[in-house]
Amino acid sequence: RGQTLYAPDGNARLYPPQLSEGAGSLLPGETRPAVLWTMELDETGEGVEVDVCRALVRSREKLDYAGVQASLEDGTASESLQLLREVGLLRQEREQRRGGIALPIPEQEVDKGPNGYELEFRAPLPVEGWNAQISLLTGQAAAELMLSSHVGVLRTLPEAEPRAVERLRRTAKALGVDWGPKLSYADLVRTLDPDVPAQAALLVESTVLLRGSGYAVVTDETLAAQAAHAGVGAPYAHTTAPLRRLVDRYVGEVCLSVSGGTAVPEWVRTALPGLPETMERSTRKAQQYEAGIISTIEAAVLENRVGETFEAVVVEVDRDGGTVQLTDPAVTAQCEGKLPLGERVTVRLASADIARRQVRFELA
């Protein structure tokens, strides 16, 4: 058990709901114990000082991304939300300068509508990216604290191998996507538009460069350069979600001790060596669980439409066919036939098997 597993009809929680949705949850108007991170930034958005302590906090207002984005656009946003935008933009600029990678791939989501479950591809709002930058900032600060004290657990991602990058360059050339010789992969993906078929295909192909993420225990021999997370472009740790991810609880405890100048508790030190394996196993389970849910709902949505044709984009090819992405309904599935990567095609639904969680198309 390493993290909460999410499903449309309910979650398999890491902790009992009395904690995760009650005593530990930031419910509006309720006072709750928390780990408080105070980070001072300079005018460029670079972190210059961090303090971590225990505190009692109270949620003053419950917000949603759509409402916050609207208030920022119409000028009614509070000062704190305007600062979120300012800091978020500065941090995104710093991320780009240090070679961090932000893939603009729409997320496939499951919604429960009046007629049952529905699928959609949703591009994140700008405010979601700014909010994510606060989590990344916290994770980087946590990594620096742990590296300075030689104790903790980092989230890691190795640099892509040169041959993998070169293979992606050949794919870009085949798709007609301009990739200048001096342009880095990280800078390229920021220019890609997922609504352009060839660029959408290149985005899907490029995810291969972000494989191999894991966790690493910090020791006296751990160097910042060796511990860097290629996607972040700096050392990084998971620390902002202790109610849904086990490792965050221990990272928080380490950072509380380091920031407060006290010894890291023995129960924390004892648990650290086993955390990478626990989290990696749990993450694999969570990914399989999520993929199974999506596949089941894709089959259910299409069950009564076998034989119909759909417009799709070819986002991946292999020896026997490849993968196509439909926009309506929002389905990504295997397709048989000789497929032209990065082009629009018409496909026919050959089968939709709920029990096997499988959808299969063929070229029309």
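When the stretch 109-124 is filtered for residues that are closer than 23 Å to Leu188 by Cβ and either buried (at least 16 other Cβ atoms within 10 Å of the Cβ) or among the small types (Gly, Ala, Ser) (or both), the ones remaining, listed by number, are Phe121, Ala123. It is to be established whether one or more residues within the stretch 53-74 are loosely packed, with under 13 Cβ neighbours inside 10 Å, of a type in the set (Val, Ile, Thr) and out of contact with any Gly (no Cβ under 6 Å at 6 or more places or on another chain). No - not one qualifying residue is present in the stretch 53-74. Could you say whether any residue in the stretch 142-154 is small (Gly, Ala, Ser), in a helix (DSSP H, G or I), under 21 Å from Met39 (Cα atoms) and touching a Pro at 6+ places or on another chain (Cβ under 7 Å)? Yes, the conditions are met somewhere in the stretch 142-154.
Scanning the stretch 310-350 for residues being in contact with a helix residue (DSSP H, G or I) (Cβ under 9 Å, 6 or more places away or on another chain) and surrounded by fewer than 17 Cβ atoms within 10 Å (Cβ to Cβ) gives a total of 3. The residue of the stretch 43-99 that is farthest from Gly260 (Cα to Cα), among those that are assigned to a strand (DSSP E or B) and of a type in the set (D, E, K, R), is Arg58. Look at (1) under 30 Å from Pro273 (Cα atoms); (2) surrounded by 15 or more Cβ atoms within 10 Å (Cβ to Cβ) and you find that Asp220 fails only one, number (2).
Taking the condition of being in a loop (DSSP other than H, G, I, E, B) and modelled with pLDDT of 90 or more, how many residues in the stretch 212-229 meet it? Total meeting the criteria: 2. Among the residues making up the stretch 1-48, those that are aromatic (Phe, Trp, Tyr) and either closer than 21 Å to Glu253 by Cα or surrounded by fewer than 14 Cβ atoms within 10 Å (Cβ to Cβ) (or both) are Tyr15, Trp37. Note on the stretch 203-221: residues that are without any contact (Cβ under 8 Å) to a residue 12 or more places away in the chain and under 11 Å from Thr156 (Cβ atoms) total 0. Scanning the stretch 334-364 for residues that are in a loop (DSSP other than H, G, I, E, B) and under 25 Å from Ile293 (Cβ atoms) yields Ile354, Ala355, Arg356, Arg357.
Considered as a group, the residues in the stretch 262-309 that are touching a helix residue (DSSP H, G or I) at 6+ places or on another chain (Cβ under 8 Å) and assigned to a helix (DSSP H, G or I) include one that is farthest from Ala333 (Cα to Cα), and that residue is Val268. Considering only residues in the stretch 167-194 that are over 23 Å from Gln325 (Cβ atoms) and of a type outside the set (Gly, Ala, Ser), the one that is surrounded by the most Cβ atoms within 10 Å (Cβ to Cβ) turns out to be Asp187. Are any of the residues in the stretch 61-70 over 17 Å from Leu243 (Cβ atoms) and over 26 Å from the mean Cα position of the chain (by Cα)? Checked against the condition, which is being over 17 Å from Leu243 (Cβ atoms) and over 26 Å from the mean Cα position of the chain (by Cα), the stretch 61-70 yields no hits at all. Is it true that some residue in the stretch 295-318 is within 30 Å of Met146 (Cβ to Cβ) and touching a residue at least 24 places away in the same chain (Cβ under 8 Å)? No, the stretch 295-318 has no match at all.
The values are calculated or read from the model by the stated rules, or taken from the named source; none is laboratory data. Since the model is a prediction, treat every value here as computed from it, not as a measurement. Ideal geometry is used to build each Cβ from the backbone, glycine not excepted, and the neighbour counts take in all protein chains shown.
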